[in-house]
Structures are given as C-alpha cells and as structure tokens.
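Enquirer: Sending over a structure as structure tokens; questions will come in a sec.
The values are calculated or read from the model by the stated rules, or taken from the named source; none is laboratory data. Since we're looking at a predicted model, the values are computed, not measured. No Cβ is skipped: glycine too gets one built from the backbone with ideal geometry, and neighbour counts run over all protein chains shown.
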Amino acid sequence: MGVLNITPDSFSDGGDFFSPDLAVERARSMVEDGADIIDIGGESTRPGAAAVPLDEELRRVIPVIEALQSSITVPISIDTRKPEVMRAAVAAGAGLINDVNALQAGGALEAAAGLDVPVCLMHMQGDPETMQDAPVYRDVVTDVGDFLEARVDACLEAGIARERILLDPGFGFGKSVEHNLQLLRHLDRLVARGFPVLVGLSRKSLIGKLLDLPVDQRLAPSIALAVLAVWQGAAIVRAHDVRATSEAIRMCQAVRDVE
Ligand code: 9MG
C-alpha cells in the first residue's frame, strides 16, 4: 500500500496552486514500483497534528480520487475518520476505507456499512494531538487485540460483512517504543485472530527514537520492520518507499512460503 498524503505543501505546482495531476503522477509511479493499493489521506494523523475541517479534507482528496480512478488500475484507499469523506470518496472511486479511528466517529459505522467496501480498523490510544503524551496499557498485545475484536463486533452488528474487515495494531498511535516493539514481536497473535492484518511502520518515530535517525534516513530500518511483519503473516504493508519495500517483501515471502 503506497502512501499518498495530500497536505497543503504536497503536490504544489511551485506556487500556491495544488495540482491533482502531480498527485496522480506520484500515484502512478508507486503503482509502477509495485504498489497494489494507493492510500490517499487529506488529514495528517502524525503525533501532534491538529484536526482538519470536513470541507478542507474533501477539497484535498476528492479531486485526486476522481483523477486517479481512471488512470490507475489498483484499488484506491481513503484514509479518513469522517463518515462524510468516506461516502464522498467511495462515490468518487475509492474501494477501501482506512480508518485510524476504527469507525468510532458518530455515523462512521453506518456510513461504512452502507458503502459495501472493505474497512481497515486501526487501534489508536487517544487522538493524534496528545496520543504520545503518556500511553499506558495493562498488556499492549492483549489490549490492542481485544479493542480490535470489540470493534469487529460493532462492525458485524452494524451489518459490515466479516470478509470485509482488516485489522491494524496502529504502530506509533499512542504507543511507546517498547509498546511498538512488543506489538511487532507478537504480531502473529493478532494475525491468529483470523483477519487480514495491515501494518504501517514506514519512517515511524520508533525508528527515529531507537536509531537517532531523521525521517529521510529511515528506509533500511523501515524495510526491516516490514519484513518482520510479513514474516509473521501481515497481509498489507503501508509504505512510502514502495519499490524497495516491495522487493524486500517479495524476498521475505519467497523464503516464508518455500516447501
Ligand atoms: C494513515 N496512517 C498512518 N499510519 C498508519 C498506519 O500505521 N496504519 C494505517 N492503517 N493507517 C495509517
């Protein structure tokens, strides 16, 4: 899954004008590099990020989805917490909902149930503005798994088919370095719950904290973490550096799946 963030400073034409064409070009190049899904988001969920108003989020993502759906063949995922954005994005051509808030916003469960597309339920403790302040768990692996199971139950009750549900432990979302390491070390326990598991580890701050590396120098460790996740059964890896990540994953799968 290639990451396409549509934020104010991305894909400008050199001035103040945001160009959907440049975003499409970036998406096409990720597909050429091996992306099987493009994940489009108009609201940053990085630690400390402020929420984006609905009309601004729609203004950022909808023109790009409209432009993309006729120019790439892989599914488009919409990274959003808002039910209105989910509806508009799917109407524009998105085929997957990636919700870091696990459909907990008012109306999100109902919106997703009415749209009949797969949904990724991600675990997050708190919200992006404050989530890294002091995350606390009894047992992070069990707590995250139990939270996701409870959200699965809510989805099933709302009418979302079991086959349409993916789970994500939410690396970096309200977790200390130790919590992230434990979640990855025991990812097989989440996989064993029987849903496809999506992971996002690319360039995350746990790498910066452990290795003291700035965000633009985290490729090798990001790939190492992606491989560890796939080795334990992760089905989808969300990544910025698609070619290198995809090549590493293919090698990992070849070894994992040999007789
Ligand atoms: C939007 N976004 C940022 N990080 C993410 C992660 O780890 N997983 C998912 N599903 N989405 C993410």
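Enquirer: Looking for whichever is farther than 17 Å from Gly2 by Cα, at pLDDT 95 or above, away from the ligand (no atom under 16 Å from the Cβ) and in a helix (DSSP H, G or I) here; the options are Leu210, Leu206, Leu190. Which one fits?
Expert: After ruling out the rest, the residue left standing is Leu210.
Enquirer: Filter segment 157-166 down to residues that are surrounded by 13 or more Cβ atoms within 10 Å (Cβ to Cβ) and away from the ligand (no atom under 16 Å from the Cβ), then give me how many there are.
Expert: Of the residues in segment 157-166, 2 are surrounded by 13 or more Cβ atoms within 10 Å (Cβ to Cβ) and away from the ligand (no atom under 16 Å from the Cβ).
Enquirer: Residues in segment 71-118 that are of a type outside the set (Lys, Arg), part of a loop (DSSP other than H, G, I, E, B) and closer than 19 Å to Met1 by Cβ: how many?
Expert: The qualifying residues number 15.
Enquirer: A follow-up question, please. In the list Val227, Val197, which residue meets the criterion of being within 15 Å of the ligand (Cβ to nearest atom), among the hydrophobic types (A, V, I, L, M, F, W, C) and under 19 Å from Pro169 (Cβ atoms)?
Expert: Within the list Val227, Val197, the selection yields Val197.
Enquirer: So, one more: Scan segment 217-228 and tell me whether some residue there is within 30 Å of Gly114 (Cα to Cα) and either crowded, with 17+ Cβ neighbours inside 10 Å or acidic (Asp, Glu) (or both). Walk me through how you get there before you give the answer.
Expert: Initially, segment 217-228 is screened for residues within 30 Å of Gly114 (Cα to Cα), giving none.
No, the conditions are met nowhere in segment 217-228.
Enquirer: Which of the residues spanning segment 132-149 are over 15 Å from Glu178 (Cα atoms) and touching a residue at least 24 places away in the same chain (Cβ under 8 Å)?
Expert: Across segment 132-149, the qualifying residues are Gly145, Phe147, Leu148, Glu149.
Enquirer: For the list (1) part of a loop (DSSP other than H, G, I, E, B); (2) surrounded by fewer than 22 Cβ atoms within 10 Å (Cβ to Cβ), I need the number of the one condition that Arg28 fails.
Expert: Exception for Arg28: condition (1).
Enquirer: Within segment 167-177, does at least one residue satisfy the condition of being part of a helix (DSSP H, G or I), under 24 Å from Val119 (Cβ atoms) and either in contact (Cβ under 8 Å) with a residue 12 or more places away in the chain or more than 16 Å from the ligand (Cβ to nearest atom) (or both)?
Expert: Taking every residue of segment 167-177 in turn, none turns out to be part of a helix (DSSP H, G or I), under 24 Å from Val119 (Cβ atoms) and either in contact (Cβ under 8 Å) with a residue 12 or more places away in the chain or more than 16 Å from the ligand (Cβ to nearest atom) (or both).
Enquirer: Please verify whether segment 50-72 includes one or more residues that are aliphatic (A, V, I, L, M), closer than 19 Å to Pro196 by Cα and modelled with pLDDT of 95 or more.
Expert: The answer is no; no qualifying residue exists.
Enquirer: For segment 52-65, what are the residues that are surrounded by 15 or more Cβ atoms within 10 Å (Cβ to Cβ) and either in a loop (DSSP other than H, G, I, E, B) or free of Cβ contacts under 8 Å to residues at least 40 places away in the same chain (or both)?
Expert: Passing the criteria: Val52, Leu54, Glu57, Leu58, Ile62, Ile65.
Enquirer: Residues in segment 91-131 that are over 20 Å from Ser176 (Cα atoms), surrounded by fewer than 20 Cβ atoms within 10 Å (Cβ to Cβ) and among the β-branched types (Val, Ile, Thr): how many?
Expert: 1
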